[in-house]
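What follows is a short report on a single structure.
The values are calculated or read from the model by the stated rules, or taken from the named source; none is laboratory data. Note that the coordinates shown come from a computational prediction; the quantities given were computed from them, not determined experimentally. Cβ sites come from the backbone with ideal geometry, for glycine too, and all protein chains shown count toward neighbours. Keep in mind that these areas ignore ligands, DNA and RNA; they rest on the heavy atoms of the full protein, side chains included. Shrake-Rupley method; radii C 1.70, N 1.55, O 1.52, S 1.80 Å.
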Amino acid sequence: MIVLLGVLVVVIGFATRRNPLLVVGGAGIATGLLGGLSPQRVLAAFGEGFASSRSVTIFVITLPVIGLLERYGLQEQARRLISRFGALTTGRFLALYLLLRQLTAALGLNSVFGHAQTVRPLAAPMAEGAAERRHGPLPDKVREKVRSFAASADNVGLFFGEDVFLAVGSILLITGFVNTTYHTHLEPLDLALWAVPTALCALAVHGWRLLRLDCTLARAVARTADKPVGAAK
């Protein structure tokens, strides 16, 4: 039972708002030592865990690459590209992004798009460029709204699209738990098919919100233009 003191370390660390990485690392070290492992064994366990899940740290490679691309004008080129498509408004562009995000997530390609590699350097600047082409320079509040909707398109598309994929972790966990606990024979395909109506509803609801974004932006820009100079923000 003394090994469970590692859980107490986690509770105290999170309750006192300490660094999560330090809290979890300290809890792991405390649990290993209390369980009778030598410091060398504890260090080896950390090394094996890092090596087996090294794909989690892939951002260490992608972030510097994205930073270099942005430094050399990636966002400006994205805005210039979207300006060539006159019929592609902010709402239509983000609705198209939502559809692509959901389709790729349904195929298990969760890393094709994402906040770090797509939304910030490409999708958000292109949505802003479409809004600027139609409304001119955007106020800061309107610009933040465009960015938030770009992030929401990625979130909704991934969240509801990945459940349609058969090998997603949540589906495998549910089927494994149900089959073991209740001695049934639930297949991942059964859960994936039930996720399709939910994914379609999410696509319809959020897609409708994105298409209405153009009208929302027009009203927000008009209110800002009518605001008297020197008025309180």
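Summary table
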{"item": "Ratio Rg/Rh, restricted to segment 60-149 and using Cα atoms, in which Rh is the Kirkwood radius", "result": "0.98"}
{"item": "Rg over Rh [alpha-carbon atoms, Kirkwood Rh] for the chain", "result": "1.09"}
{"item": "Stretchable slack from Leu69 to Ile2, in nm (0.36 nm times residue separation minus alpha-carbon distance)", "result": "19.0 nm"}
{"item": "Debye log10 I(q)/I(0) for segment 2-52, one point scatterer per Cα, at q = 0.18, 0.23 Å⁻¹", "result": "-0.56, -0.83"}
{"item": "Solvent-accessible area per residue for segment 60-226 (1.4 angstrom probe, square angstrom)", "result": "58"}
{"item": "Per-residue HN-Hα couplings for segment 68-77 [Karplus 6.51, -1.76, 1.60; θ = phi - 60°; Hz; x = Gly/Pro]", "result": "5, 5, 5, 4, 9, x, 5, 5, 5, 5"}
{"item": "Solvent-accessible area, 1.4 Å probe, carbon plus sulfur percent, for segment 2-52", "result": "74"}
{"item": "Length added when fully stretched, Leu189-Ala15, from 0.36 nm per residue minus Cα-Cα", "result": "58.6 nm"}
{"item": "Cβ-based net charge around Leu191, under 14 Å, with every Lys or Arg adding one and every Asp or Glu removing one", "result": "-4"}
{"item": "Surface per residue (accessible, 1.4 Å probe) for segment 2-52, Å²", "result": "74"}
